[in-house]
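Asks: Just dropping this structure here.
The values are calculated or read from the model by the stated rules, or taken from the named source; none is laboratory data. What you are looking at is a predicted structure, and each value in this text was computed from that prediction instead of being measured. All Cβ positions, even for glycine, are placed from backbone atoms using ideal geometry, and neighbour counts span all protein chains on display.
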Amino acid sequence: MKSSDIVNQLEQRLATIQQQIKDACEKVHRSSEEVALIAVTKQVSAARAQALLDIGVKDLGENRLEGLLEKQDVIKDTANWHFIGNLQTRKVKELIGRIDCLHSLDRLSLAKEVNKRAAKPLDCFVQVNVSGEESKSGITPQEADAFFEQLAAYENVHVVGLMTMAPNTEDESIIRHVFRSLREVRDQISAKNLSYAPCTQLSMGMSNDFEIAIEEGATHIRIGTALAGTEREETE
């Protein structure tokens, strides 16, 4: 695919998603300005990630340290980098200083390592496994209160909100329940007015369910294939 064709394709996809965001927000009387669009570039090249920045995308998300480092070696433009995947504690030292936000804080040992390696507070989302699926990481909703109390010991961990992933299902009621439940946990934590964890934001919603997530209060949506596409597209 020619570079001009790639740009045209990405522009069309971005326009479609922006309209979907606007429509979802209007349904629940929200402003689309309240929703940050993170383009998840884990399946595409640095060139395609750069093309996304060129058409106005500001936030890029990666779920592998290696993929993030490879892209940052090539991309020189300013971007907000989000790490959205499971993070091994031993890899924190390589990641700190490279990202603006961590979306997968799911255990105290990780918080301890982030606190140790960070030169300044890092914005983090605590990952909550609302659905209870064994394949997903995260604390349980019932563990949230105690987990947040223990985070007070880590001055370089600044919790801006909660993150979750809904089950891969076509049952909208199940998806909506997961997102609504996360919002309720968020409200419970934010009401504590913790200086180190204002916890006002919600990272939830991907390519197949972001409109439902927005209706339930998402402030950050993570869009991969519907926007950036896949590696296969780049070879066609």
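Asks: Please go through segment 132-160 and pick out each residue that is at pLDDT 95 or above, small (Gly, Ala, Ser) and either at negative phi or in contact with a Cys (Cβ under 7 Å, 6 or more places away or on another chain) (or both). Steps first, please.
Replies: Start the filter on segment 132-160 by keeping residues that are at pLDDT 95 or above, which leaves 138-160.
Okay, now just the ones that are also small (Gly, Ala, Ser), so 138, 144, 146, 152-153.
Listed by number, the residues that qualify are 144, 146, 152, 153.
Asks: Of the conditions (1) at pLDDT below 95; (2) under 19 Å from residue 220 (Cβ atoms), residue 129 fails just one. Which one is it?
Replies: Here residue 129 meets the rest and fails (1).
Asks: So which strands (runs of 3 or more DSSP E) are wholly in segment 76-144 and hold at least 1 residues that are out of contact with any Leu (no Cβ under 8 Å at 6 or more places or on another chain)?
Replies: On the way: elements: 80-83, 101-105, 122-127.
Once the strands (runs of 3 or more DSSP E) in segment 76-144 are filtered for at least 1 residues that are out of contact with any Leu (no Cβ under 8 Å at 6 or more places or on another chain), what remains is 101-105.
Asks: Mind checking whether some residue in segment 18-36 is within 16 Å of residue 218 (Cα to Cα) and touching a Leu at 6+ places or on another chain (Cβ under 6 Å)?
Replies: The answer is no, given that none of the residues of segment 18-36 is within 16 Å of residue 218 (Cα to Cα) and touching a Leu at 6+ places or on another chain (Cβ under 6 Å).
Asks: Please find, among 57, 44, 7, the residue that is more than 20 Å from residue 98 (Cα to Cα) and not in a strand (DSSP E or B).
Replies: On the way: 57 fails: more than 20 Å from residue 98 (Cα to Cα); 44 fails: more than 20 Å from residue 98 (Cα to Cα).
Being more than 20 Å from residue 98 (Cα to Cα) and not in a strand (DSSP E or B) holds for just one of 57, 44, 7, which is 7.
Asks: Is it fair to say residue 101 is in contact (Cβ under 8 Å) with a residue 60 or more places away in the chain and farther than 15 Å from residue 227 by Cβ? Please lay out each step first, then the result.
Replies: On the way: in contact (Cβ under 8 Å) with a residue 60 or more places away in the chain: no; farther than 15 Å from residue 227 by Cβ: yes.
Against the criterion (in contact (Cβ under 8 Å) with a residue 60 or more places away in the chain and farther than 15 Å from residue 227 by Cβ), residue 101 does not qualify.
Asks: Is it the case that residue 229 is touching a helix residue (DSSP H, G or I) at 6+ places or on another chain (Cβ under 8 Å) and either of a type in the set (A, V, I, L, M, F, W, C) or modelled with pLDDT of 95 or more (or both)? It would help to see each step written out before you state the result.
Replies: Values: touching a helix residue (DSSP H, G or I) at 6+ places or on another chain (Cβ under 8 Å): yes; either of a type in the set (A, V, I, L, M, F, W, C) or modelled with pLDDT of 95 or more (or both): no.
No, not satisfied.
Asks: Restricting to segment 60-71, name every residue that is within 18 Å of the chain's Cα centre (by Cα) and assigned to a helix (DSSP H, G or I).
Replies: At the first step, the residues of segment 60-71 found to be within 18 Å of the chain's Cα centre (by Cα) are 60-69, 71.
Listed by number, the residues that qualify are 65, 66, 67, 68, 69, 71.
Asks: So for segment 78-85 (the condition being modelled with pLDDT of 95 or more, among the hydroxyl-bearing types (Ser, Thr, Tyr), loosely packed, with under 14 Cβ neighbours inside 10 Å and farther than 21 Å from residue 230 by Cβ), does at least one residue qualify?
Replies: Looking for residues that are modelled with pLDDT of 95 or more, among the hydroxyl-bearing types (Ser, Thr, Tyr), loosely packed, with under 14 Cβ neighbours inside 10 Å and farther than 21 Å from residue 230 by Cβ, one finds none in segment 78-85, hence no.
Asks: Quick one: is residue 41 hydroxyl-bearing (Ser, Thr, Tyr), closer than 20 Å to residue 207 by Cβ and surrounded by fewer than 18 Cβ atoms within 10 Å (Cβ to Cβ)? Before the answer, list the steps.
Replies: Values: hydroxyl-bearing (Ser, Thr, Tyr): yes; closer than 20 Å to residue 207 by Cβ: yes; surrounded by fewer than 18 Cβ atoms within 10 Å (Cβ to Cβ): no.
Against the criterion (hydroxyl-bearing (Ser, Thr, Tyr), closer than 20 Å to residue 207 by Cβ and surrounded by fewer than 18 Cβ atoms within 10 Å (Cβ to Cβ)), residue 41 does not qualify.
Asks: Another one. I need the full set of residues from segment 192-211 which are closer than 27 Å to residue 120 by Cβ, surrounded by fewer than 16 Cβ atoms within 10 Å (Cβ to Cβ) and among the small types (Gly, Ala, Ser), in order please. Explain how you work it out, then say what you get.
Replies: Within segment 192-211, the first condition is being closer than 27 Å to residue 120 by Cβ, and the residues that meet it are 192-204.
Those left that are additionally surrounded by fewer than 16 Cβ atoms within 10 Å (Cβ to Cβ): 192-195, 198, 200.
Answer for segment 192-211, where residues must be closer than 27 Å to residue 120 by Cβ, surrounded by fewer than 16 Cβ atoms within 10 Å (Cβ to Cβ) and among the small types (Gly, Ala, Ser): just 195.
Asks: Just to verify a result, which residue in segment 145-168, among those that are part of a strand (DSSP E or B) and closer than 18 Å to residue 63 by Cα, is farthest from the chain's Cα centre (by Cα)?
Replies: Of all residues in segment 145-168, those part of a strand (DSSP E or B) come to 157-163.
Retained after the next criterion (residues that are closer than 18 Å to residue 63 by Cα): 162-163.
Working: 162: 10, 163: 7 Å.
Restricting to residues being part of a strand (DSSP E or B) and closer than 18 Å to residue 63 by Cα, the top hit is 162.
Asks: Which ones in segment 14-37 are touching a residue at least 40 places away in the same chain (Cβ under 8 Å), within 19 Å of the chain's Cα centre (by Cα) and assigned to a helix (DSSP H, G or I)?
Replies: 14, 17, 20, 21, 24, 25, 34
Asks: Here is a check on your reading of the model: is residue 221 part of a strand (DSSP E or B), surrounded by 18 or more Cβ atoms within 10 Å (Cβ to Cβ) and touching a residue at least 60 places away in the same chain (Cβ under 8 Å)?
Replies: Details: part of a strand (DSSP E or B): yes; surrounded by 18 or more Cβ atoms within 10 Å (Cβ to Cβ): yes; touching a residue at least 60 places away in the same chain (Cβ under 8 Å): yes.
It is true that residue 221 is part of a strand (DSSP E or B), surrounded by 18 or more Cβ atoms within 10 Å (Cβ to Cβ) and touching a residue at least 60 places away in the same chain (Cβ under 8 Å).
Asks: Can you find, within segment 98-138, the residue that is surrounded by the most Cβ atoms within 10 Å (Cβ to Cβ) among those that are within 18 Å of residue 181 (Cβ to Cβ) and among the aliphatic types (A, V, I, L, M)?
Replies: Among them, the one singled out is 126.
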